[in-house]
Structure formats: structure tokens, C-alpha cells
1. Taking every pair of alpha-carbon atoms in region 38-100, give the share separated by more than 13 Å as a whole percent.
2. With viscosity set to 1.306 mPa s at 10 °C, what whole-number translational diffusion coefficient in µm²/s follows for region 175-231 from Stokes-Einstein and a Kirkwood radius over Cα pairs?
3. Residue 152 to residue 115: FRET efficiency via 1/(1 + (r/R0)^6), r the Cβ-Cβ distance, R0 25 Å, to the nearest 0.05?
4. Based on the mean of other beta carbon atoms within 10 Å per residue, what is the order of 106-117, 81-92, most packed first?
């Protein structure tokens, strides 16, 4: 009788162990089969992304949208679950959609005065307001004062909303005649150019000025530069 009970106990124990091991491996196989690697959805259209997730028994949810200079409107900008991470079947991946560039095509502001440029910036055809963020004023001998010379972003460039424009200050306030500097030393030449509001740029070595550019008597605007070239005078008779 005792031997019979021992046998019954032994076989029962073996049965329990086999059942536990079988349940463990069954659970592992079931768990692994339901673990899905999250695909990379960035840059995909809504239709393509939804089709891909449906084939994996996953769901798509649009969480919001934002502007992006490179990803076109209607394409996925980012997702809440990183590509390659593991999730279960039936889970939802939330995404943000691109609205495309904030400004589709930057208008051409060149040739407008500053007030006209501001007005045009506030009425961009795409409906997205462009702000004149930075104004750089420079002198120009060819473009009148207050007129836009150039811009950044350039005309027809997409993506930007903050506009930097280069505005003409017109020609220099005063213009004069280039003085005769040949034969003078640098200190004396510097006094002359300073009084005329022009700059002196010295080249070469020597004690006196041998030549200059521009030539004496030519018109020169305030702030421009006269280049002089030094030489050592010939003392022989």
C-alpha cells in the first residue's frame, strides 16, 4: 500500500512539473508572438502609415500637427513610440502631422520701401504672417534711400517666417576729390584723408608715398578708401 502511494505521489509530482513547464513555454510563445516592432512612420503619408499599422494589427491616432520646413503637409512629423521598440497587438501609436513650411514661398521684397515691405509681409498669399525680424542699413550709390536691396530668405525660398532685409541708406552724405598724396609721408597723408572723411590703406615699405589709387582729382565718397604704395626716394642726383 505504501509503495502504491509513493508511486502515485511520484507520478503526480512529475505531472505537475510537466504541466508547469508546458504552461511556461506556451506563455512565452504567446507573449513573443504578440510583441511587435514599432515601424518608423516619419515622412510617411497618412494612408501609407495607416495601411502599414493595420497589417501589424496596430492603430493610428493623430495627436496634433506642426509646421516643418522639409516634411510636406499631410506627412508624419513624429511619433510617440520610438521605431524598433516592442509593443503588443492592438496598441495605438500617436503621431503628429506636418503642416508643411510655415511660409510656402517667400515673396520678393526687393525694390519696395520699408513701409511697403512691412505691409506685404503681413499679407502673405499663403495666409501665414511673415515678420520683418531684422533690418540692416547700408549705403548704396545705385539704390535710393529706404529701398530694400536684398532679403533672407530669398524670394521663392520656403520654410522661413522671420525676414531679414537689407535697406539702402542712399549714397554717402558727402563726396569729395581724392587729394594728391604722392611724395608725402604716411602721417601727413593720414591727416589729409581724415579731414576728408576717407580711409587710408598703406601697402609696401618705404618712407614716402610713391603712388596711389584712386588717382588724385577723382571723385571719392566719404568712408571710401585710398590705397597708397610706399617707396624709398632716390637720393642720387
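1. Numbers: 1102 of 1953 pairs.
Counting every Cα pair in region 38-100, those more than 13 Å apart make up 56 percent.
2. D, rounded to a whole number, is 146 µm²/s.
3. 0.80
4. Ranked by mean Cβ neighbours within 10 Å, highest first: 106-117, 81-92.
Taken together, the values in this text are just the output of simple stated rules run on the coordinates, not laboratory data. These numbers were taken from a predicted model, which means no experiment stands behind them. Cβ coordinates were reconstructed from backbone atoms using ideal geometry, including for glycine residues, and neighbour counts include every protein chain displayed.
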